[in-house]
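**Q** After the structure tokens below, expect a handful of questions from me.
The values are calculated or read from the model by the stated rules, or taken from the named source; none is laboratory data. All figures in this text were calculated on a predicted structure; none of them were measured in a lab. Neighbour counts run over all protein chains shown; Cβ positions are idealised from the backbone, glycine included. Surface accessibility is based on the protein's heavy atoms, side chains included, excluding ligands, DNA and RNA. Shrake-Rupley method; radii C 1.70, N 1.55, O 1.52, S 1.80 Å.
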Amino acid sequence: MTAKLILGKDIGNQIREELKTEVEGLKKKGVHPGLAVVLVGEDPASTVYVTNKGQACRDLGIHEETFGLPASTSEAELLALVDRLNADPKFHGILVQLPLPKHIDSNKVLLRMNPDKDVDGFHPMNVGRLMVGEPIFLPCTPAGVQQMLVRSGNDPAGKHVVICGRSNIVGKPMANILIQKAKGANATVTLCHTGTKDMASITRQADILIAAMGVPKAITADMVREGAVVIDVGVNRIPDPSAPKGTRLVGDTDFEAIKEKASAITPVPGGVGPMTITMLMVNTVRAAKAAHGLK
Ligand code: GUN
């Protein structure tokens, strides 16, 4: 079997087209969605993400401003900026790019954000809202994975989904989304992590396997059941002397071997990646509508 590719670029474009129409409609009602993006320091990967976020906003007609601060910014200065953005009605969404420099406590920064502007869904209030089944914002990367599953004809309802990785950004919210008694969810979820014994025996039971460990090619073909759907959230830069830059991106799965066994798989790059920004746009529009009392 050669797996079908699930491409985040295509699915993301489909969602962005839907959003574009929605943003045009909102503007006619006098609502102009706005997003503030905060970047502290000059981490190259973060800089690329932030640039792409700005471009996505411009393509959709969403107002966007990037606040680039030096790596030496103090925690107090960053908190003061968050206060200012919380109070500014131009911005319906605020995103503080992670990771932050080590001298800044990111939990403190997330807590300071107005939860109604927290388009990442990382504020403990939004984590809690999701846990009790009343989310306003779903964290972008796992929400993107859910859309990829549903829109590729792989609805997780009733399926055994095995997630590898327990980060606050992907693994944990992914599990919380898919256990909801809701459309596009209702799955049986097993969450594997570094404390899991004999992970392969569990991943082999997966109808849908989601790799989010941040370890290059950690999921090998022998860990995948024939016909499973494999979603690779990993983005790892590894040395490759044959590549023009001397490095290349790989996921958390051994794509070449697994594509012969899975029924569907996401490549890296071009798989989950583009979905994160798309779902950020979805959340920004949702925040703008909520701020104006629109459904
Ligand atoms: N760093 C890596 N992924 C993310 C994300 O989804 N949101 C934010 N704010 N920072 C990130």
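**Q** Of the residues in the range 97-126, how many are of a type in the set (Asp, Glu) and either assigned to a loop (DSSP other than H, G, I, E, B) or at positive phi (or both)?
**A** Going through the range 97-126 one residue at a time, the tally reaches 2.
**Q** State which residue pairs qualify: first residue over 19 Å from Ile277 (Cβ atoms) and inside the range 19-43, second residue open to solvent by less than 80 Å² (accessible area, probe 1.4 Å) and in a helix (DSSP H, G or I) in any location, beta carbons under 6 Å apart, and separation of 6 or more residues or different chains.
**A** Sorted first by the residue in the range 19-43, then by its partner, the pairs are Val31/Ala288.
**Q** A further question follows. Does the range 46-85 hold any residues that are within 30 Å of Glu17 (Cα to Cα), in contact (Cβ under 8 Å) with a residue 24 or more places away in the chain, in a helix (DSSP H, G or I) and not β-branched (Val, Ile, Thr), and which are they?
**A** Ser46, Tyr49, Asn52, Lys53, Ala56, Cys57, Asp59, Leu60, Leu85
**Q** While we're on this one: Can you tell me which of Leu149, Leu110, Leu98 is away from the ligand (no atom under 11 Å from the Cβ) and either closer than 23 Å to Ile15 by Cβ or not basic (Lys, Arg) (or both)?
**A** The conditions single out Leu149.
**Q** Please enumerate the residues belonging to the range 86-95 that are outside any loop (DSSP other than H, G, I, E, B) and within 15 Å of the ligand (Cβ to nearest atom).
**A** Across the range 86-95, the qualifying residues are Gly93, Ile94, Leu95.
**Q** While we're looking at this one, here's another question. Give the residues of the range 264-295 that are in a loop (DSSP other than H, G, I, E, B) and either hydrophobic (A, V, I, L, M, F, W, C) or open to solvent by less than 40 Å² (accessible area, probe 1.4 Å) (or both), sorted by residue number.
**A** Within the range 264-295, Thr266, Pro267, Val268, Gly270, Gly271, Val272, Leu294 meet the criteria.
**Q** Now, a different point. Could you identify the single residue in Asn176, Asn154, Asn186 that is away from the ligand (no atom under 14 Å from the Cβ), surrounded by 19 or more Cβ atoms within 10 Å (Cβ to Cβ) and more than 25 Å from Leu294 (Cβ to Cβ)?
**A** Asn176 is the lone residue from the list that is away from the ligand (no atom under 14 Å from the Cβ), surrounded by 19 or more Cβ atoms within 10 Å (Cβ to Cβ) and more than 25 Å from Leu294 (Cβ to Cβ).
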